[in-house]
Amino acid sequence: MTSLLELRNVVRTYAKGGLFGRSARAVDDVSFSVGGSGPEILAIIGESGSGKTTLARMILGTVRASGGSIRFKDMDLADIKGRGQRMDFMRQVQPIFQNPFEAFNPLKRLDRYLFMTARHFAGARDDTAAEAASDAALRKVGLSLAEVKGRFPHEMSGGQLQRVAIARALIASPLLLVADEPVSMVDASLRTAIVNLFRKLRDEMGVSIIYITHDLATAYSISDRVVIMRRGVVVEAGDARATLDNPQHPYSIELKNAVLSPDTGP
Ligand SMILES: Nc1ncnc2c1ncn2[C@@H]1O[C@H](COP(=O)(O)OP(=O)(O)OP(=O)(O)O)[C@@H](O)[C@H]1O
C-alpha cells in the first residue's frame, strides 16, 4: 500500500533579512509518511518555533517547500496545476485551525460556511442538498443543523465552534485532516471530546489525521505514531506509545519531563 502522504527531505527557508541575504531553515530535511497501512493519527510534537505550522502549511499547499518533495496519493504538490486539480486536492486535504473564532468571520452565519462547502466540495446543487450534507456532517460531531442554523460564531462556545469547523471539513469527505493545535483554545473539559472525535473519524470514516501539538498527553492518548521536532528538524519518530514511553533523544526526554507530571503518565 502506498502512503496517503509522503514527505521526503522537505525544507522551507525564510529570508532573515539583513545585508547579506541570509536565510533560516524553519523546516530542515523532514521526511515521514502518513497512512501507509490504513487510516492513522500522526502527531507532530514540538515547542513553539519548531516548524510545526510551517510544515502544516506546506502539507496544505498554502506554503511552497523550498526543497524536497511532498506527495499526496502519488501526486507531487508542486505539480498541482489549475483550479480543477487544486479544488480536488483541497477537498481531500482539509485544515482544522487552532482558534475556531479566527477560522470564521464573526459577521457571517455559520450555516453559510457549511452550505458553501457542500456546494463546492460535496456536489450539493440546491439548498435542500446543501442542508442535508451539512446536517449529516454536523451529526458526526454530535451537533445538528437545527442547533447551528442562523447562528453567528459568537453564539457558540469554543468547543462547539471547533466541532462546527470539523463538521465543515467533513462535508468534503476528506482523506486527510491537518489539525494545527486544534484543542489548545478549547476548555479542558471539551478537549477529550474533540480528541475522541478524531479517533472516531479515523476508525469509522477512515480519515487520517495529522495532529499538530505541543501537548504530549493528548498526543499520547490518540496518536498511532509521533514525529518530534526541534528547530525544524525531526529528532525522533516512531510508534506513539513506544516513543513517548521511552524517548531516546535528549530533547524528547526533556520535553517529556517538562510537560508531564509523574502521575498523569506517560
Ligand atoms: N512567514 C515567515 N517569515 C519568516 N519566518 C517565518 C515565517 N513563518 C515562520 N517563520 C519562522 O520559522 C520558524 C518556525 O515557525 P513555525 O510557526 O512553523 O513554528 P511552530 O512550531 O508552529 O511554532 P508555534 O507553535 O509558535 O506556531 C520560526 O523561527 C519562525 O519565526
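Couple of notes before you dig in:
- The residue among Val148, Ile194, Val164 whose Cα reaches farthest toward the positive pole of the charge dipole of the range 137-228, with charges on the beta-carbon of Lys, Arg, Asp and Glu, is Val148.
- Taking every alpha-carbon pair under 8 Å whose residues sit at least 6 apart, the chain reaches a relative contact order of 24 percent.
- Each semi-axis of the equivalent ellipsoid for the range 5-259 is √(5λ) with λ an eigenvalue of the Cα gyration tensor; in descending order they amount to 31, 22, 17 Å.
- Point-charge dipole on Cβ atoms (K/R +1, D/E -1) for the range 35-130, about Cα centre, debye to 20: 320
- Charge dipole (the chain, unit charges on Cβ, about Cα centre) - positive-most of Ser208, Ser184, Ala132: Ala132
- Student exercise, the range 138-205 dipole from Lys, Arg, Asp, Glu Cβ charges, in Debye to nearest 20: 220
- If R0 is taken as 25 Å, the Cβ-Cβ distance between Lys108 and Met205 corresponds to a FRET efficiency of 0.40.
- Axis angle, to the nearest 10 degrees, between helix 82-92 and the longest C-alpha principal axis of the chain: 90 degrees.
- Fully extending the segment from Phe89 to Arg231 would add 48.2 nm, taking 0.36 nm per residue of separation and subtracting the current Cα-Cα distance.
- Lysine pairs meeting the criterion (Cα under 29 Å, 8 or more apart or interchain), as found in the range 5-259: 15
- Spatial separation of Cα centroids for the range 141-202 and the range 1-77, in angstrom: 25
- Beta bridges per DSSP with both ends in the range 5-259, % antiparallel, nearest 5: 55
- Label-to-label distance, nm, for residues given as Asn9 and Ile80 (7 Å Cα→Cβ offset): 2.3
- Rounded tilt (10° steps) of 188-205 against the dominant C-alpha axis of the chain: 80
- Degrees between helix 110-121 axis and first principal axis of the chain (Cα, 0 to 90, nearest 10): 80
- Gain upon complete extension [Arg125, Thr2; 0.36 nm per residue less C-alpha separation]: 40.9 nm
- Peptide ranges 82-90, 120-128, 27-35 listed from the most packed, as the mean C-beta count within 10 angstrom indicates: 27-35, 120-128, 82-90
- A simple charge model with +1 on the Cβ of Lys and Arg, -1 on the Cβ of Asp and Glu and nothing else charged puts the dipole of the chain at about 820 debye relative to its Cα centre.
Each value in this text was obtained by applying a stated rule to the coordinates, not by laboratory testing. None of the values given here were measured: they were computed from a predicted structure. Positions of Cβ are backbone-derived with ideal geometry, glycine not excepted, and every protein chain shown enters the neighbour counts.
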